[in-house]
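Here's the structure, in structure tokens; my notes come after.
Laboratory data are not the source of any read-out in this text; all were calculated from the coordinates shown. All figures in this text were calculated on a predicted structure; none of them were measured in a lab. Here the Cβ is made from the backbone with ideal geometry for all residues, glycine too, and neighbour counts use every protein chain on show.
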There are 2 protein chains.
Amino acid sequence: MIKVAIFEDNRSLREGLAAMIGGTAEFECVGAFPNCNNLLKNITQAKPDVVLMDIEMPGINGIEAVAIIKEEFPEMKILMETIFDDDEKIFNSICAGAEGYILKHTPPAEIMEAIKEIHEGGSPMTPSIANRVLKMVKTKPEIGHKESFDLTDREKEILTCLVKGMSYKMVADACFISIETVNVHVKNIYRKLQVHSKSEAVIKAIKGRIV
Amino acid sequence: MIKVAIFEDNRSLREGLAAMIGGTAEFECVGAFPNCNNLLKNITQAKPDVVLMDIEMPGINGIEAVAIIKEEFPEMKILMETIFDDDEKIFNSICAGAEGYILKHTPPAEIMEAIKEIHEGGSPMTPSIANRVLKMVKTKPEIGHKESFDLTDREKEILTCLVKGMSYKMVADACFISIETVNVHVKNIYRKLQVHSKSEAVIKAIKGRIV
DNA sequence: GGGGGGATACCATGTTTTGGGTATTGAGAA
DNA sequence: TTCTCAATACCCAAAACATGGTATCCCCCC
């Protein structure tokens, strides 16, 4: 029995979804809300396994809502629902922590299927969405490589600090070592990465996905 | 009738898949090959709609094969199949152009389902793969935000140079201006970005997708 | 029990960067 | 026209960084 909560401002759509979910043996609709004004209260009371979240909503929008829910209940699965499939929304939803993303014109049977999949740990996506997600990954050719450069754990730690924009002094404080030691580590990092400045190292770390 | 070609070095698996696909009304197996030695020839003759491609193969591996196929037949759908779900392989497969990615332990019925989905323009992925893909997207904040910071064109140009790891001197040479002018621009960039070092600026530029 | 490597620390020196000035020129707005 | 602003250029001092050393400690492995 998968417990589902719905956030959807369109009344007929909301009631339709609730009826559909409530009318199935596998699912239980534990709440259907027109907005996110009482988001955490609603969620806390309903205790759903899966949240069906409309993106376009007055007041707190769906993407903000995802962030709020995930902050409090990270294990809760969230399936975004929208009429538009624009990259910005998809991207921001994913970043906020949503597991799935479907378009509203998706037939009911597939919505049910998606809820089941997301509950099982999958990431259901409308084909057009999936394609856009793949494109997003493609535009970042650097994740691949993952050249190791044989950095030691400590060196990776230092490098991570540098990627946060810290100065030697800040790194020293953060790692509880002297500035001189930071200096030594940085020297070794430069040698292994074959660079000669902090920014080069930072760039290589980000692009080469070392950190 | 979806025409499917199989590339899989394990004989029993290959024959099993071929039998399964051939035994269904919706699918037709137009070829089953143990390696990619005659890749283009095989593909040209078989003319499949969907290619089922094993990643781990002697000789030309599955990822290289995808790139080759996509080069010649960009509209052909390719479903990757593997025993491992490591990020590197997933990422490289996606970059090479594969539309789907499933693990070998996926039950036959779901493999058939995935073939149908990929043929319809979807991107079927094993849940664990989908999760990794979403994580890859998350590490890539560039599509979102896009804060402008009101940089002038020249300043963006300078910043772009910095993001390439260049020193002031190199920027000066590249932009045909004096080092002093670079200095002035950098100062202005720092003020607008509210940072106080080159690496901070570089980081903000990359993450904020300014460049 | 010695050798290698990683982490620590310090010294010295030169270069680069940072942040504070001032000043000229040309384009476009008031 | 005058004024603002981007772009150019220069000066200077302090801070941060880059690069070359040496040296100690500890752990693991041979």
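So the values come out like this:
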| quantity | calculated |
| --- | --- |
| In sequence order, calculated HN-Hα J values of the stretch A:126-132 (Karplus, 6.51, -1.76, 1.60; Hz; x Gly/Pro) | 4, x, 5, 5, 4, 4, 5 |
| Restraint check, B:135/B:207; A:169/B:164; A:192/B:204; B:104/B:135; A:41/A:70; B:187/B:207, Cα-Cα greater than 18 Å | A:169/B:164; A:192/B:204; B:104/B:135; B:187/B:207 |
| Cβ-Cβ FRET estimate between residue A:67 and residue B:207, R0 fixed at 25 Å, reported to 0.05 | 0.90 |
| Average other protein chain Cβ within 10 Å of Cβ, residues B:165-174 | 2 |
| Rounded, prolate or oblate (a/c below 1.5 giving rounded, otherwise prolate when a/b exceeds b/c) for the stretch B:1-60 by Cα gyration tensor | oblate |
| Likely footprinting exposure, B:8, B:75, fewest C-beta neighbours within 10 Å first | B:75, B:8 |
| Among B:63, B:118, B:162 - extreme Cα towards positive end, dipole of chain B, charges at beta-carbon | B:162 |
| Centroid-to-centroid separation of the stretch B:39-83 and the stretch A:157-188 [C-alpha atoms, Å] | 46 |
| Likely footprinting exposure, A:94, B:2, A:63, fewest C-beta neighbours within 10 Å first | B:2, A:63, A:94 |
| Furthest towards positive pole of dipole, B:2, A:108, A:43, structure part the protein assembly as shown, Cβ charges | A:43 |
| Point-to-point label distance, residue A:28-residue A:106, nm (Cα→Cβ direction, 7 Å offset) | 2.3 |
| Length-normalised contact order for chain A - Cα pairs under 8 Å, 6+ apart - percent | 14 |
| Average beta carbon contacts from partner chains per residue of B:124-137, 10 Å cutoff | 6 |
| Cα gyration tensor category, rounded, prolate or oblate, for the protein assembly as shown with a/c compared to 1.5 | oblate |
| Within the protein assembly as shown: Cβ-based charge dipole about Cα centre, in debye rounded to nearest 20 (Lys, Arg +1; Asp, Glu -1) | 1820 |
| Other protein chain Cβ atoms within 10 Å, averaged over every residue that makes up A:115-122 | 2 |
| Dipole magnitude of chain A about its Cα centre (Cβ charges: Lys, Arg +1; Asp, Glu -1), debye to nearest 20 | 1020 |
| For residue B:57, distant residues with modelled amide H under 5 Å away | B:62 |
| Chain B: angle of helix B:153-163 to the longest principal axis, Cα-based, in degrees nearest 10 | 60 |
| Residue B:104 long-range amide H proximity, modeled H, under 5 Å | B:82, B:83 |
| Unit charges on C-beta of K, R, D, E only; dipole of the stretch A:19-141, Debye | 260 |
| The stretch A:19-59: GluC sites (Glu not before Pro) in DSSP coil with no more than 13 other Cβ atoms inside 10 Å | A:26 |
| Counted charge near residue A:105, where neighbours are those whose Cβ lies closer than 13 Å (Asp, Glu -1; Lys, Arg +1) | -2 |
| Inverse mean reciprocal Cα-Cα distance (Kirkwood Rh) of the stretch A:62-204, Å | 18.3 |
| For the stretch A:1-146, Kirkwood radius (reciprocal of mean inverse C-alpha pair distance, Å) | 15.3 |
